[in-house]
Amino acid sequence: MPLPIHLAVDSPIPIYRQITDQLQELILSGILPQGTSLPSIRILAKELGCSVITTRRAYQDLEVAGLIQTRQGLGTFVANVNQEKQDSHRLSTVEKDLRKTIESSFRMGVSESTLTTLFTQVLQQVKTESSKQGGSSDE
């Protein structure tokens, strides 16, 4: 199954970095759990339409970061990523998304008090919907 990686050739971000960033997101978000077998650098290069050197660079960066490991003769796999690293990534992602929303709201002239009220309302709605579906929204 091909990895859900989408490259933007017109982006100023180098292709290897786009691959690295997207794989890191897939791993730290838990979409690719520990032990998941990754395609070889040649297969990934073919799937993405880029050079083997590019995919090799991305895999090397991920290996240095401790997110993947290559086992000679067996392939490349998602490494055991500690829970603290995953939690930190999750909170960082939420913070970035909240920041974008707040900045956009302020640019549109939404006041802090209105934004706070709206946030509280939406939070309560999501918690209610989540509890009806049997999900958990608290940690």
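Values for this structure:
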{"item": "Rounded to 10°, Cα long-axis angle of helix 15-28 versus longest principal axis of the chain", "result": "60"}
{"item": "Lys pairs, the chain - Cα-Cα below 23 angstrom, 8 or more residues apart or on other chains", "result": "4"}
{"item": "Linear extension gain, V122 paired with R90, 0.36 nm per residue minus alpha-carbon span", "result": "9.5 nm"}
{"item": "FRET efficiency, S131 to I43 (Cβ-Cβ, R0 35 Å, nearest 0.05)", "result": "0.20"}
{"item": "Neighbour net charge for R17 - beta-carbon separation under 13 angstrom, K R +1, D E -1", "result": "-2"}
{"item": "C-alpha long axis of helix 83-107 to longest principal axis of the chain, angle in °", "result": "50"}
{"item": "Within-12-Å neighbourhood charge of D97 [Cβ basis; K, R +1; D, E -1]", "result": "+2"}
{"item": "Relative contact order, percent, the stretch 1-119 [alpha-carbon distance under 8 Å, six or more residues apart]", "result": "24"}
{"item": "Spin-label model distance (nm) - V64 vs Q34, 7 Å beyond Cα toward Cβ", "result": "2.5"}
{"item": "Mean Cβ neighbour count within 10 Å, used as a protection proxy, ranking 105-111, 60-66, 38-44, 6-12 highest first", "result": "38-44, 60-66, 105-111, 6-12"}
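Bear in mind that the values in this text are calculations on the coordinates, not laboratory data. None of these values were measured; they are calculated from a predicted model. Heads up, the Cβs are rebuilt from the backbone with ideal geometry, glycines too, and the neighbour counts pull from every protein chain shown.
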